[in-house]
Amino acid sequence: MATTSDNGVVYYGSFVVGWLIFTYIIQSLFRKLSNYRSGARYPPSPPALPLIGHLHLFLSSNTSFPHKLHSLATNYGPLLQLHLGASSCILVSSAKYAKEILKTQELNFVDRPEFSSPDYNIYHGSDFILAPYGTYWRFLKKLCMTRLLSNSTLHQFTEIREQEIMRLLEYLVKVSEGTEFCDLGARLTTMMNNVICRMAMSTRPWENAEEAQKIKKLIEELAVVGGKLSAGEILGPLGKFDLLGYGGKLTNALKKFDQLVEDIMKKHEEDSGRQGKDLMDIIMETCNDPTSEVKLTRKDIKAFFLDMFMAGTDTSSIAVKWTLGELINHPQVYKKLRQEILSVVGSNRLVKESDVQNLPYLQACVKESLRLHPPSVLFLRQGMEACTIEGYNLKAKSRIIFNLHSLMRDPNAWEKPNEFIPERFMGNSNNLNANKELMEMKGQNFDYLPFGTGRRVCPGASLALAMTHSTIGALVQCFDWKIKGGDKVDLREAPGFAATLAMASPFVCYPVTRYNPLKQG
C-alpha cells in the first residue's frame with residue numbers, strides 16, 4: 001500500500017506539472033493573441049517544445065554553452081527570441097544588431113536584467129553590477145573611474161601585484177626543482193584572489209591565510225549556487241518556492257561573506273592610523289563624507305566588494321590560462337613573444353607592468369586570446385521601453401543576451417576566425433583585420449567586445465589587463481612547459497551553463513625554469 005509520504009510526493013509532483021502546463025497554456029495564448037492584435041514583427045524563434053520552450057537545445061552534456069549559442073545563431077540567424085521554460089530572452093550574435101542596441105539605442109538598453117529572485121539576495125538594491133541606471137549606479141561608476149579603479153589608484157598597488165606574481169614564480173621554481181606536476185589553474189586563481197584581498201582590504205595571505213581562503217571558498221560557492229538559482233527562472237512563479245534549495249544556500253553563503261567583511265570593516269575603523277590606503281579605506285571615507293552625493297551604507301560597501309571578487313578573481317585567472325594554453329600550443333608564437341621580452345627587458349631582471357607598453361606583441365597575444373576565449377562568454381542588457389531593432393519589434397523589459405563567441409568569431413569580420421593569430425592585432429596594414437579601433441580595445445568595434453562597451457563597460461578592465469599582461473610576460477620569460485598527458489594543452493571548453501569560460505580539463509603542467517627570477521640582478 002502507498003504510504004502517506006508517497007501520496008504527498010505524488011500530489012506535490014502533480015501540482016508542479018499541472019502548474020507548468022497551466023502557465024505554458026496561458027502564456028502561449030496570451031502571446032499569440034497579443035502578437036495578432038498588434039501586428040508586430042518579432043525576432044524569429046527556433047522550433048520550440050511545449051512547457052520547456054527551447055530548453056532542450058541546451059541539454060547536450062558534451063557541448064559548451066558558447067558553442068550551443070553559436071550553433072543556434074548559425075542555424076537560425078543572428079537575432080533570435082528564445083523561450084526557456086517560463087523565461088524568455090533575445091539572443092544577439094552579430095555586430096550589426098549589437099551596434100544598434102549598444103550604441104544607437106544605448107540609453108534604452110543601459111539596464112541589466114536580474115535572472116534570480118531577489119528574495120534570497122541580502123544585497124538586493126545595493127548590487128552595483130545589477131543596479132538600474134540611475135543616481136546610485138552613476139555615483140558608484142564615477143567613484144570607480146575616478147578613485148577606486150582609476151589608473152592612479154591602480155598604480156599605487158603595482159607593488160602588491162608584482163609581489164603576488166613573484167610568489168607564484170617562487171612556487172613554480174620550487175616545482176621545477178622536483179618531479180611532480182602542478183595544477184597551474186588553481187594557483188592562478190589563488191594569486192588573483194590574494195591580489196584583490198590585499199588591494200581591497202589589506203588582507204595579507206601569508207599572515208592570515210584562513211581569512212583569504214574563506215573569501216576564496218565563499219566566492220566559489222556563490223558562483224555555483226548563484227548560477228543554479230538563476231537557471232531556476234525556467235520555473236517561472238514556482239522559482240519563488242526554492243524547490244531545489246539553492247535560494248537558501250545562496251542566502252547562507254551571503255551571510256557568511258557579510259560577517260567576514262563586517263569584521264574587516266571593524267578592523268579598519270579600529271586601526272585608522274595605519275599607513276597606506278586600500279580600497280576599503282577609500283570607500284569608507286566616501287561613506288563618511290557628509291557632502292557626498294549618495295550616502296553609502298555598510299550594506300552597499302559589502303555588496304561592492306562582493307561584485308569585485310565575483311567579477312575579478314575567476315575571470316582574470318581564466319584569461320591567463322587560456323592565453324598561456326594558446327601560447328604553449330603555438331611554439332613559434334611563444335618563441336617570438338619571449339624574444340620580444342628579452343629584447344626589451346634584457347636577461348638580468350623580471351618583466352614588470354611598466355614594460356608592457358613597450359611589448360606590443362605581448363598585448364597582441366592577450367587580445368587575440370580574449371577574442372577566442374572571452375572569460376565571460378556573454379553579457380546582458382535589458383530594454384526599458386518597447387522599440388524596433390532593424391525592423392524587428394522588441395517589447396519593454398526585453399532581456400538581451402550578447403553572444404560573444406559568435407560576435408568575435410564572425411567569418412565576415414575575421415579572416416581565419418578560429419585560429420590563434422596575434423599578428424592581426426599588430427596594426428600593420430598587411431596583417432589580418434588590423435585597425436586602430438581594435439588595437440585600442442575601447443569597445444567601439446562591435447566585432448570585439450571582451451569587456452563590453454558603453455556606459456556599462458567593465459570598470460575593472462584596466463586591472464584585469466594589468467594582471468594578465470604581467471603574469472603572462474613573467475610565465476613566458478621564466479619557463480618552458482611540459483603538459484601532463486601530452487604535448488599540447490587541452491583547449492576544449494567545459495560543458496554546462498556557466499557564464500565564465502572554464503577549460504574542460506585542469507591545467508596540469510610541469511614548469512622548466514629558463515630564467516630564475518629569484519637570482520635576478
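The values are calculated or read from the model by the stated rules, or taken from the named source; none is laboratory data. All of these numbers come straight from a predicted model, not from anything done at the bench. Cβ placement follows ideal geometry from the backbone for every residue including glycine, while neighbour counts extend to all protein chains displayed.
Numbers below:
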item	result
Some residue of region 473-490 being surrounded by fewer than 15 Cβ atoms within 10 Å (Cβ to Cβ), in contact (Cβ under 8 Å) with a residue 60 or more places away in the chain, within 26 Å of the chain's Cα centre (by Cα) and under 27 Å from Arg409 (Cα atoms)	yes
Test result for Ala311, at pLDDT below 95, assigned to a helix (DSSP H, G or I) and among the aliphatic types (A, V, I, L, M)	yes
Enumeration of residues in region 130-168 that are part of a loop (DSSP other than H, G, I, E, B) and either more than 15 Å from Ile283 (Cβ to Cβ) or out of contact with any helix residue (DSSP H, G or I) (no Cβ under 7 Å at 6 or more places or on another chain) (or both)	Leu130, Ala131, Pro132, Tyr133, Gly134, Ser150
Leading residue by the ranking (nearest to Lys214 (Cα to Cα)) among those in region 282-308 that are among the charged types (D, E, K, R) and in a loop (DSSP other than H, G, I, E, B)	Lys295
Set Asp119, Asp127: member being charged (D, E, K, R) and in a loop (DSSP other than H, G, I, E, B)	Asp127
Conditions (1) within 26 Å of Leu168 (Cα to Cα); (2) at pLDDT 90 or above; number of the one not met by Ala212	(2)
Selected residue (only one of Val261, Val356, Val333, Val344 is touching an Asp or Glu at 6+ places or on another chain (Cβ under 7 Å), assigned to a helix (DSSP H, G or I) and more than 20 Å from Leu184 (Cα to Cα))	Val344
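Here is a yes/no grid of residues against (1) modelled with pLDDT of 95 or more; (2) on the phi > 0 side of the Ramachandran plot; (3) in a loop (DSSP other than H, G, I, E, B):
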residue	(1), (2), (3)
Asn412	no, no, yes
Pro417	yes, no, yes
Asn428	no, no, yes
Leu438	no, no, no
Asn445	no, no, yes
Ala466	yes, no, no
Asp480	yes, no, no
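Conditions (1) farther than 24 Å from Tyr133 by Cβ; (2) modelled with pLDDT under 90; (3) exposed (fewer than 13 other Cβ atoms within 10 Å of the Cβ); (4) not hydroxyl-bearing (Ser, Thr, Tyr), marked per residue:
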residue: Tyr36; (1), (2), (3), (4): yes, yes, yes, no
residue: Gly39; (1), (2), (3), (4): yes, yes, yes, yes
residue: Leu55; (1), (2), (3), (4): yes, yes, no, yes
residue: Lys103; (1), (2), (3), (4): no, no, no, yes
